[in-house]
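Bear in mind that the values in this text are calculations on the coordinates, not laboratory data. Since this is a predicted model, take the numbers as computed values, not measurements. Every residue, glycine as well, gets a Cβ built from its backbone with ideal geometry; the counts of neighbours run over all protein chains shown.
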Amino acid sequence: MNTDQSFEVEIERILPGGMGLAHDGDKTVFVSLAAPGDRVRVKIEREQGNVLFASIEEIITPSPVRIEPPCPYFGRCGGCDFQQLTYEAQLAAKSEMIRDCLHRIARLENVPDIVVTPSPNDWRYRMRATWQIDREQRTIGYYERGSRRVCDVVDCAVLRPELQAKLEEVRSTEWNQFPSDLKHLDVVAGDDGVSFAPRIGEFQTNELSLTVRGEVYRYNAKAFFQINPSLLGPLIDFALADVTGDSAIDLYSGVGLFTLPLSRQFKRVMAVESNSTAARFARWNLRDSGFDNTKVFTANVAGWLSDVSTRDVDFILLDPPRAGAESAVIRGILDLHPPWISYVSCDPATLARDLRKLFAGGYGIESIAAFDLFPQTHHVETVVRLMA
Ligand SMILES: C[S@@+](CC[C@H](N)C(=O)[O-])C[C@H]1O[C@@H](n2cnc3c(N)ncnc32)[C@H](O)[C@@H]1O
């Protein structure tokens with residue numbers, strides 16, 4: 001295959017990971033920034049076995065769900081890869097992506113329809129970001145697609161207004177005020193301002209708080225906090241609905257988003273988190289809310305599970321990072337064998353990989369829901385409730 005060659009294809013659907021699927025003879029073609037139903041002329045970027053990775057050179061017939069991406073950085077900035085789709089089409093593609101993973105990877109035969117709850121704001125929703133900084137080029141923003149070059153972003157349309165205002169302030173700061181080794185800046189907003197890590201001059205690592213379903217969470221930019229606050233209530237409601245009992249475990253617990261409501265619903269709770277700043281905030285959050293039935297362990301989940309002596313566990317919630325749970329974590333959960341599990345995931349592919357092991361260990365799906373925490377991108381949050 002001559003990679004200089006361009007040719008026409010029709011986009012069949014959007015795949016997990018966000019690429020459009022097409023075929024050219026016996027070759028499978030993955031097309032970036034596509035819409036299902038597009039007729040496009042594509043250019044091959046690289047070839048891997050039978051798969052060609054391609055970009056769009058010309059849109060011959062646009063899909064009925066294609067729109068003009070409103071952001072001037074679209075296509076160059078690596079941040080948003082779904083702006084070419086109407087919001088309804090984004091939600092439909094996400095539902096299909098989850099179903100695809102459950103069918104192909106988890107080998108689930110009868111995959112239920114999956115409702116993706118829309119974000120109340122599909123723009124200006126992001127309350128957490130990492131801004132990449134290139135001192136030599138004097139650029140601040142996000143990595144460009146498929147590269148480590150920094151796309152210089154003046155206005156990011158998915159940032160909440162208070163973060164956009166801070167981006168402008170950071171951009172207008174004299175370059176000599178940034179430490180010479182500064183590569184990126186983590187920022188997070190809360191009810192009471194914005195927090196930065198590392199701290200630079202007036203941009204401090206402030207402690208913030210956010211109230212969700214009546215629980216008050218404190219955190220700063222050094223600890224994980226969810227990106228889109230507007231769907232956190234429904235996410236918690238679904239993951240924890242009707243689970244009560246003596247003992248629950250919250251794995252990958254962060255600053256305690258699920259730990260606090262679990263402490264209301266169970267007599268005893270154990271939470272496990274490896275980031276010491278996040279674990280410390282979780283302890284403060286529990287103490288400030290008057291919970292004394294919960295212990296937070298600063299530990300790696302796999303190691304902690306291999307040492308835990310508890311046997312009677314009624315419920316486990318796990319919310320791992322994008323890579324999913326390590327094999328040892330799934331083995332540890334199967335050893336404990338709680339009657340109920342809620343698996344919260346931001347990557348349908350690793351979720352499906354782990355579910356396959358949990359199915360083999362005797363669990364079945366009670367219900368599934370998805371929440372669009374990340375509009376304008378292919379990312380989606382899925383919650384699977386399992387029962388033994
Ligand atoms: C997706 S976040 C979820 C946090 C929390 N449940 C929430 O919703 O805010 C994953 C968390 O797992 C932590 N983490 C990552 N790998 C870990 C590991 N191997 N053991 C323990 N915690 C880990 C991260 O620091 C992060 O706080």
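Taken about its Cα centre, the chain carries a charge dipole of roughly 720 debye when the Cβ of each Lys and Arg holds +1 and the Cβ of each Asp and Glu holds -1.
The amide H of E45, built 1.01 Å from its N in the peptide plane, has F53, A54, S55 as neighbours under 5 Å, considering only residues 5 or more places off or on other chains. For every other residue with a beta carbon closer than 12 angstrom to the beta carbon of T277, add +1 if it is Lys or Arg and -1 if Asp or Glu, then tell me the sum. Residues close to T277 contribute a combined charge of +1. With 32 Å as the limit on Cα-Cα distance, the pairs of K183/K295; K222/K267; K267/K357; K295/K357; K43/K357 that go past it are K183/K295; K43/K357. Taken one residue at a time, the phi angles of segment 373-379 give Karplus couplings (6.51, -1.76, 1.60, θ = phi - 60°) of 6, 10, x, 6, 10, 7, 6 Hz. Gly and Pro are set to x. Applied to segment 252-262, the Karplus parametrisation 6.51 cos²θ - 1.76 cosθ + 1.60 on θ = phi - 60° returns per-residue 3J(HN,Hα) values of 6, 8, x, 8, x, 3, 8, 5, 5, x, 4 Hz, with x for Gly and Pro.
Residues within the reach of a label modelled at D242 (point 7 angstrom out along Cα to beta-carbon, backbone nitrogen below 14 Å), restricted to segment 318-357, are 340-341. Evaluated with a Cβ-only charge set (Lys, Arg +1; Asp, Glu -1), segment 258-365 carries a dipole of roughly 80 debye about its Cα centre, given to the nearest 20. In this structure, the amide hydrogen of R126, modeled 1.01 Å from its nitrogen in the peptide plane, lies closer than 5 angstrom to those of L159, R160, counting only residues at least 5 positions away or on a different chain. In percent, rounded to a whole number, the relative contact order of segment 339-388 is 53, using alpha-carbon pairs under 8 Å and six or more apart.
Ordering G364, I59, L108 by the projection of their Cα atoms onto the charge dipole of the chain, which places +1 on the Cβ of Lys and Arg and -1 on the Cβ of Asp and Glu, puts G364 at the extreme positive end. Per residue and in cubic angstrom, what volume does the convex hull of the Cα atoms of the chain have? So the per-residue Cα hull volume is 149 Å³. Label separation (Q137 vs S172): 2.5 nm, computed from points 7 Å beyond Cα along the C-beta direction. Across bins of 10 angstrom width beginning at 0, how are the C-alpha pair distances of segment 1-87 distributed, in whole percent? P(r) for segment 1-87, in whole percents per bin: 18, 53, 26, 3. If R0 equals 41 Å, the separation of the Cβ atoms of L336 and V115 corresponds to a calculated FRET efficiency of about 0.85. Rounded, prolate or oblate, given the Cα gyration tensor of segment 118-257, with a/c below 1.5 counting as rounded? Cα axes put segment 118-257 in the prolate bin. Between amide H atoms placed 1.01 Å from N, distances below 5 Å from I60 occur with R39, V40, R41, all of them 5 or more places distant or on a separate chain.
Based on the Cβ-Cβ distance from M387 to A323, what FRET efficiency comes out when R0 is 30 Å, to the nearest 0.05? Efficiency, rounded to the nearest 0.05: 0.75.
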